[in-house]
Amino acid sequence: MTALALDLERVPSHVACVMDGNGRWAQSRGLPRTEGHRAGEQALFDVVDGALDIGVEWLTVYAFSTENWRRPAGEVRFLLEFNEELLLRRRDDLHERGVRIRFVGRRDRRVPKRLLGLMDDAIDLTKHNDRMTLTIAFNYGGRAEIVDAVRAVVNSGISAERITERTIACRLYDPEMPEPDLMIRTSGEFRTSNFLLWELAYSELYFTDTAWPDFRRGDLYEAIRVYQERERRFGRVSPNGAGPAIASNGDA
Ligand code: IPE
Ligand code: IPE
Ligand code: MG
């Protein structure tokens, strides 16, 4: 599907993706799981280009979770090295496209120093870009993020009565990051797997059976088309009377 079917006035400003299904994609082709991660690179950069073309301002992708350390050591090692290579290979190209690169996640001792250094270089190189922010969630867990925010709140010495949602939100990994409008998960799993737990509270969720390595900008546009049919109510009553779910039952 092309961008032509979209209302370009109502493009979600922040799209978040759980890039899932790499391992199964590879295994179904008789390849090692790691080949699926490799194939996911093309998907990611096609989605970045597609997002840039329609004016998505924030794109956040889940690259490695705090739970992914539980995988076999060889796969973990591959993922660490692959992410280093990917940053080196793509950093300048992203910079030329006006993409600002950021990371969310825990910078703990398990993340190799060299990778942390490359992350810092990419952040620094691209920090003045303003076309789109690509946030890579690496060693990221939504619960860890909330725990880290709570620790910061306690360390700030603020009294319990004065704590609001804002007190927590401004201590998340990137306080400037708006909440996602749309969260996409590929490969047929219907869960968040600890992705952006706080931030997804009112995001529209979209699931597709397509495996991440097969996902392309057209699939992004299809997700956005579906998003544009949704009515976001944020707890309010629909201004149109009956919501679309009732209308599509044929009652209205
Ligand atoms: C997502 O693909 C990539 C990472 C979690 C790093 P998976 O590796 O989870 O692929 P499946 O879900 O096992 O097929
Ligand atoms: C979520 O996928 C993490 C990433 C895509 C990086 P997983 O494949 O790790 O999630 P589960 O284990 O199926 O829930
Ligand atoms: Mg998976």
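The values are calculated or read from the model by the stated rules, or taken from the named source; none is laboratory data. Owing to the predicted nature of the structure, the values given are computational and were not obtained by experimental measurement. We place every Cβ from the backbone using ideal geometry, glycine too, and count neighbours over all the protein chains shown. With ligands, DNA and RNA removed, areas are computed over all heavy atoms of the protein, side chains included. Shrake-Rupley method; radii C 1.70, N 1.55, O 1.52, S 1.80 Å.
Could you grab the pairs with beta carbons closer than 6 Å, sequence gap of 6+ or different chains, first residue in the range 8-32 and closer than 21 Å to Ala63 by Cβ and open to solvent by 20 Å² or more (accessible area, probe 1.4 Å), second one of a type in the set (S, T, N, Q) and within 16 Å of ligand 3 (Cβ to nearest atom)?
Listed pairs, sorted by first residue: Asp20/Thr186; Asp20/Ser187.
Would you be able to say whether some residue in the range 142-158 is modelled with pLDDT of 95 or more, surrounded by fewer than 11 Cβ atoms within 10 Å (Cβ to Cβ) and either among the polar types (S, T, N, Q) or within 15 Å of the chain's Cα centre (by Cα) (or both)?
yes
Report, ordered by the first and then the second residue, all pairs with beta carbons closer than 9 Å, sequence separation of six or more or different chains, a first member in the range 134-154 that is in contact (Cβ under 8 Å) with a residue 12 or more places away in the chain, and a second member that is in a helix (DSSP H, G or I) and polar (S, T, N, Q).
Final answer for the pair search is Leu134/Thr126; Ile136/Asn83; Phe138/Asn83; Asn139/Asn68; Ala149/Thr167; Val153/Thr167.
Given the residues Glu85, Glu81, which is the only one that is away from ligand 3 (no atom under 16 Å from the Cβ), without any contact (Cβ under 8 Å) to a residue 24 or more places away in the chain, over 23 Å from Gly141 (Cβ atoms) and in a helix (DSSP H, G or I)?
Criteria check complete, one pass: Glu85.
Taking the range 184-202, which residues are part of a loop (DSSP other than H, G, I, E, B) and crowded, with 21+ Cβ neighbours inside 10 Å?
Thr186, Ser187, Phe195, Leu196, Glu199
Give the number of residues within the range 37-71 that are under 16 Å from Arg185 (Cβ atoms), within 16 Å of ligand 3 (Cβ to nearest atom) and assigned to a helix (DSSP H, G or I).
4
Could you please find all residues in the range 205-239 being within 16 Å of ligand 1 (Cβ to nearest atom) and outside any loop (DSSP other than H, G, I, E, B)?
If the condition is that a residue be within 16 Å of ligand 1 (Cβ to nearest atom) and outside any loop (DSSP other than H, G, I, E, B), then Phe207, Trp212, Pro213, Asp214, Asp219 are the ones that fit.
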